[in-house]
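The values are calculated or read from the model by the stated rules, or taken from the named source; none is laboratory data. This structure is a prediction, so every number in the text was calculated from the model and none was measured. Here Cβ is always computed from backbone atoms with ideal geometry, including for glycine, and neighbour counts include all displayed protein chains.
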Amino acid sequence: MTASGRPRATTATEAASRDRAAIAAGTPSRTLMVAAGTRAAQWILTHLADRLAHGVAVYAGAGNNGGDAWVVAAQLARAGVAVRVHAAALPATDDARHAASLAAAWPVQEVPHGEERLVIDGLLGTGHRGALRPHIAAACVQMRRARESGATIVALDVPSGLESSTGDACDGCVPAHVTLTFGTIKRGLLLRRDVAGRIVLLDIGLGAHAAGDDHAWYWATRASLETALPPIAWDAHKARRGRVGVVGGIAGMAGATILAARGALQVGAGLVHTFVDAPSIVPLQIAVPQAIAHHWPAARDTSPDDATDVLPALDALVIGPGLGRTRHTARLVESLMRAVEHADAAAALVLDADALYLVTEVAATLGTDPAALLRHWTRPAVQRGLAVVCTPHPGEFARLLGTPLPAAWDERAESLRTFAARAGVTVLLKGAPTLVSDGHDIVAAPYGTALLATGGSGDVLAGIIGTLVAQGAHGMDAALLGAALHGRAAEIITAQRRGVRGAMLDDVLHALPAALEWLTTADAVHPGLLADLPAVC
């Protein structure tokens, strides 16, 4: 999957540059506004028809976001919906004034009366920064009261009070049930899906200008991921479905390897070999009878002549789940990395959890830095075209960096990109959203809920990615696919349970088939619909 197959997630500045590019190419700005409001009205009429009987309350600000709201009001009124508009201020731009004039041609009442079951939030758009001004804050209070009384809030482009670049939500911000965003998805929506609700990306005619030529993040849509899923032939035997090795399971930590093995099997691995400490063999065989259990390979200075004695034939090797942080396991990691240099033992690599901790320990011992050590260790695999994926959580990544992880998302993403480039590997940085970089692009995988914030979750993810690279997926694709399937499974369970309490990782594993079905089921075709992310809360 190439970067061009993924849409962009833009900051306010990046979104504005795309609008300007389309305008400079000949699309009038008011045409973009009319397209945005019309697409939003079409979506509302199609998906929220049951909320229209008591009319619609529209809150319009003075700027172009308010102009979008006036177009929505006009189009809904034209369709016969009772529309009532609260204008927080008079339209202040030429395009907004033109939009308000469109609504004037229809019977639009001026004051919402509070019985509306649908509220359109068009007060503030991508240009918002800082605290709410008094008249906007007062209108937001009205919208929040409507929400509390059962009304559905639909935000245009971004919820009022949410900064579209940073995801910061100021006091008085109005959480939306649905955000209809235009042209490109705004980065702040991915950072605060709890505020954005369901995110629907609508086409307003930016065309090729939506891609842009800057450093805007990409993001992994269902459609962009589907094409990257490795196919499994109808007549494939178990070796052709991917042979995955998982190294971990120090005494007392068999569970981590069990979860990784189950994750690998659940997404289609043909064979899973586990390599664990002797006390972990019996619990592993009981918990995952489909997996083959081995003692840890001998930790020794492996030469090319005996490298193939260390491991059986594998397509991918996952190192780290429950491995432990001892001198012995550090030597084990070193010997495994030497083993996979040998052509007969070559395998794609997924380095997770304790393996990443041990990378920093070995690097310190050798007087080098973790990125340089990773590049040295993984160069043979990379030169053979094999994927290498590292999957740190923020604390593990900070340890790899040797410095605290930046709080600002721009700086965090740049640290990720720089480290991945120096290490020569793909790095998946877990979070909300998860970010993935191969040293060139930054791609957000905005999937998951707090259900994944539990011990063992990363082990499941490592096993999933291990299978995908074993089946031939490129590192970037495998990392994004893994994050999406893992996260979508959590979303499915969270929706079923109406929260994360009462659910476990077993439920996430059991939901992986449903996540795979979501990935491989084509989206319904709707006019102007580019992407649709479900609400997470």
May I ask you to list pairs of residues, at least six apart or on different chains, whose Cβ atoms are under 8 Å apart, with the first in the range 173-186 being in the same structural domain as residue 11 (by TED's automatic domain parsing) and the second being among the basic types (Lys, Arg) and assigned to a strand (DSSP E or B)?
-> 177/198; 178/198; 179/198; 184/8; 185/8
Restricting attention to the range 194-202, does a residue exist that is in the same structural domain as residue 11 (by TED's automatic domain parsing), crowded, with 19+ Cβ neighbours inside 10 Å, at pLDDT 95 or above and over 18 Å from the mean Cα position of the chain (by Cα)?
-> yes
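Just the residues that are among the acidic types (Asp, Glu), surrounded by fewer than 24 Cβ atoms within 10 Å (Cβ to Cβ) and within 15 Å of residue 181 (Cβ to Cβ), please, taken from the range 31-86.
First pass over the range 31-86, keeping only residues among the acidic types (Asp, Glu): 50, 68.
Filter once more, keeping what is surrounded by fewer than 24 Cβ atoms within 10 Å (Cβ to Cβ): 50.
Once the filter is applied, which keeps residues that are among the acidic types (Asp, Glu), surrounded by fewer than 24 Cβ atoms within 10 Å (Cβ to Cβ) and within 15 Å of residue 181 (Cβ to Cβ), the range 31-86 yields nothing.
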For the range 210-227, the count of residues that are surrounded by 20 or more Cβ atoms within 10 Å (Cβ to Cβ) and under 19 Å from residue 469 (Cβ atoms) equals 3
Mind checking which residues of the range 122-151 are within 18 Å of residue 87 (Cβ to Cβ) and in contact with a strand residue (DSSP E or B) (Cβ under 6 Å, 6 or more places away or on another chain)?
-> 122, 123, 139, 143, 146
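State the number of residues belonging to the range 488-503 that are in a loop (DSSP other than H, G, I, E, B) and either outside the structural domain of residue 434 (by TED's automatic domain parsing) or in contact (Cβ under 8 Å) with a residue 24 or more places away in the chain (or both).
Qualifying residue count, the range 488-503: 2.
For the range 126-166, enumerate the residues that are at positive phi and at pLDDT 95 or above.
Correct list: 150, 157, 161.
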So residue 180 fits all but one of (1) under 30 Å from residue 355 (Cβ atoms); (2) surrounded by 24 or more Cβ atoms within 10 Å (Cβ to Cβ); (3) touching a Phe, Trp or Tyr at 6+ places or on another chain (Cβ under 9 Å); what number is the exception?
-> (1)
Give the residue that is farthest from the chain's Cα centre (by Cα), with candidates limited to residues of the range 416-441 that are surrounded by 20 or more Cβ atoms within 10 Å (Cβ to Cβ) and hydroxyl-bearing (Ser, Thr, Tyr).
-> 426
Mind checking which residues of the range 379-415 are under 17 Å from the mean Cα position of the chain (by Cα) and over 19 Å from residue 441 (Cβ atoms)?
-> 393, 394
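How about the range 92-107: which of its residues are in a loop (DSSP other than H, G, I, E, B) and over 36 Å from the mean Cα position of the chain (by Cα)? Talk me through it step by step, then tell me what you get.
Going through the range 92-107, the residues in a loop (DSSP other than H, G, I, E, B) turn out to be 92-93, 105-107.
Selection gives 92, 105, 106, 107.
From 8, 78, which residue is closer than 21 Å to residue 104 by Cβ and either more than 30 Å from the chain's Cα centre (by Cα) or in the same structural domain as residue 129 (by TED's automatic domain parsing) (or both)? Full working, then the answer.
Details: 8 fails: closer than 21 Å to residue 104 by Cβ.
Only one candidate qualifies: 78.
What's the total number of residues in the range 110-164 that are of a type in the set (Asp, Glu), under 31 Å from the mean Cα position of the chain (by Cα) and surrounded by fewer than 24 Cβ atoms within 10 Å (Cβ to Cβ)?
At the first step, the residues of the range 110-164 found to be of a type in the set (Asp, Glu) are 110, 115-116, 121, 148, 157, 163.
So of that shortlist, the ones also under 31 Å from the mean Cα position of the chain (by Cα) come out as 121, 148, 157, 163.
Narrowing the set further to residues that are surrounded by fewer than 24 Cβ atoms within 10 Å (Cβ to Cβ) leaves 148.
Of the residues in the range 110-164, 1 are of a type in the set (Asp, Glu), under 31 Å from the mean Cα position of the chain (by Cα) and surrounded by fewer than 24 Cβ atoms within 10 Å (Cβ to Cβ).
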Kindly indicate whether any position in the range 384-393 is of a type in the set (A, V, I, L, M, F, W, C), in contact with a His (Cβ under 7 Å, 6 or more places away or on another chain) and outside any strand (DSSP E or B).
-> yes
Search the range 362-386 for residues that are assigned by TED's automatic domain parsing to the domain that holds residue 475 and pair each with any residue that is hydroxyl-bearing (Ser, Thr, Tyr) and surrounded by 19 or more Cβ atoms within 10 Å (Cβ to Cβ) when their beta-carbon atoms are under 9 Å apart and the residues are at least 6 apart or on different chains.
-> 386/378
Tell me, please, whether a residue that is closer than 25 Å to residue 191 by Cβ, touching a Cys at 6+ places or on another chain (Cβ under 7 Å) and in a helix (DSSP H, G or I) can be found in the range 450-457.
-> no
Is it the case that the range 370-391 has a residue that's in contact with a Phe, Trp or Tyr (Cβ under 8 Å, 6 or more places away or on another chain) and either under 23 Å from residue 470 (Cβ atoms) or not small (Gly, Ala, Ser) (or both)?
-> no
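If you take the residues in the range 421-430 that are in contact (Cβ under 8 Å) with a residue 24 or more places away in the chain and in a helix (DSSP H, G or I), which one is farthest from residue 359 (Cα to Cα)? Show your work before the answer.
First, pick out the residues of the range 421-430 that are in contact (Cβ under 8 Å) with a residue 24 or more places away in the chain: 422-430.
Now narrow it down to the ones that are in a helix (DSSP H, G or I): 422-423.
Numbers: 422: 15, 423: 12 Å.
Out of the qualifying residues, it is 422.
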Among 280, 224, the single one that is touching a helix residue (DSSP H, G or I) at 6+ places or on another chain (Cβ under 6 Å) and at pLDDT below 95 is 224
Give the range 329-361 a look and list any residue that's at pLDDT 95 or above, among the hydrophobic types (A, V, I, L, M, F, W, C) and in a helix (DSSP H, G or I), or say none.
-> 355, 356, 358, 359
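For residues that are hydrophobic (A, V, I, L, M, F, W, C) and touching a Phe, Trp or Tyr at 6+ places or on another chain (Cβ under 9 Å), scanning just the range 288-316, find the one that is modelled with the lowest pLDDT. Give the steps one after another, and end with the answer.
Of the range 288-316, the ones hydrophobic (A, V, I, L, M, F, W, C) are 288, 291-293, 296, 298-299, 307, 310-311, 313-314, 316.
Retained after the next criterion (residues that are touching a Phe, Trp or Tyr at 6+ places or on another chain (Cβ under 9 Å)): 293, 296, 311.
Working: 293: 95, 296: 90, 311: 79.
Among them, the one singled out is 311.
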